[in-house]
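**Q** Once you've had a glance at the structure underneath, I'll fire off some questions.
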Amino acid sequence: MQQPDPRHNIPGTIAPHIPADVYQRAQATGQPVVIVVNDTNPTGFPWQRVLIPFAIAGAVVAGGWGLVAALCWLMDVAAHTATTIAGATAGPLGVGGITFKLFQSKK
């Protein structure tokens with residue numbers, strides 16, 4: 001690997017957008033180098049720090065309610081299935097014109 005040219009090593013910390021030749025010309029002629037730094041810090045309250053935890057908590061709550069609704073639906077289907085099977089043991093089960101008798105009667 002090639003070693004960097006020591007003439008282009010600029011001492012100290014400077015902004016990466018200033019070309020080395022501009023810096024060296026300013027050093028040779030005595031002109032000052034002006035570095036403008038735009039401050040992008042927000043002046044208000046950082047809402048993102050508060051909103052992200054609330055969004056996560058809201059998603060957890062919505063998921064919990066969805067789980068409860070799914071379990072209620074599953075229990076409802078199970079109850080209807082149990083009722084249908086219990087009713088079928090008392091008599092024949094008819095679906096679409098076809099009748100099934102699940103158990104032999106004791107008579």
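**Q** Provide the FRET efficiency to the nearest 0.05 for the residue 77-residue 55 pair, computing r from the beta carbons and using R0 = 41 Å. Write out the running numbers ahead of the final one.
**A** On the way: r = 33 Å, r/R0 = 0.80.
According to the calculation, E is roughly 0.80.
**Q** On to the next question. Please find the FRET efficiency linking residue 23 to residue 43, where r is the Cβ-Cβ separation and R0 is fixed at 41 Å, and quote it to the nearest 0.05.
**A** My answer for the efficiency is 0.80.
Bear in mind that the values in this text are calculations on the coordinates, not laboratory data. Given the structure is predicted, the values throughout are model-derived calculations rather than measurements. Because the Cβ atoms are built from the backbone with ideal geometry, glycine has one as well, and the counts that use them run over all protein chains shown.
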